[in-house]
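Read the figures in this text as sums done on the coordinates, not as results from a lab. Every value quoted in this text rests on a predicted model; they were computed, and no experiment measured them. Virtual Cβ from ideal backbone geometry, glycine too; neighbours counted across all protein chains shown.
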Amino acid sequence: MKPRKIPMRMCLGCGEMKPKREMIRIVRQPDGAIKADVTGKLSGRGAYICPRTECLAQAKKARRMEKSFSCRISEDVYAALEQELKAAEEAANADA
């Protein structure tokens, strides 16, 4: 049997290519709301980021999410994303 292809995505923060399953999808929904999509099934334009707060800080500093979604992103959206990433980091550390 042929080995199955693993989809790769690039992180908006660090720029590393990683397997899609290891990344967190950030989605801009058709109504304009931006949120983290842990299931990967929400409809809308998606971008991927590592589950680390450092990557979110890098993406925020370089305005990579704004470029990817072609819209302004407010500070409260970044704060909500940071809270969700911290929760994901804690869950990953608890599993390890």
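Side notes on the structure shown:
- Neighbourhood net charge (10 Å Cβ-Cβ; Lys/Arg +1, Asp/Glu -1) for Gly40: +3
- Checking the cross-link pairs Lys5/Lys41; Lys20/Lys60; Lys5/Lys60; Lys2/Lys67; Lys18/Lys41; Lys41/Lys86 against a 28 Å limit on the alpha carbon distance flags Lys5/Lys60; Lys2/Lys67 as lying beyond it.
- Here the Karplus relation 6.51 cos²θ - 1.76 cosθ + 1.60, evaluated at θ = phi - 60°, turns the backbone of the stretch 7-17 into coupling constants of x, 10, 9, 9, 6, 5, x, 8, x, 7, 8 Hz, with x for every Gly and Pro.
- Among [x] 21.1; [y] 13.0; [z] 13.8, the entry derived from the coordinates for Kirkwood radius over Cα pairs in Å: [z]
- Pair Asp95, Ser70: separation of 7 Å Cα→Cβ label points (nm): 3.5
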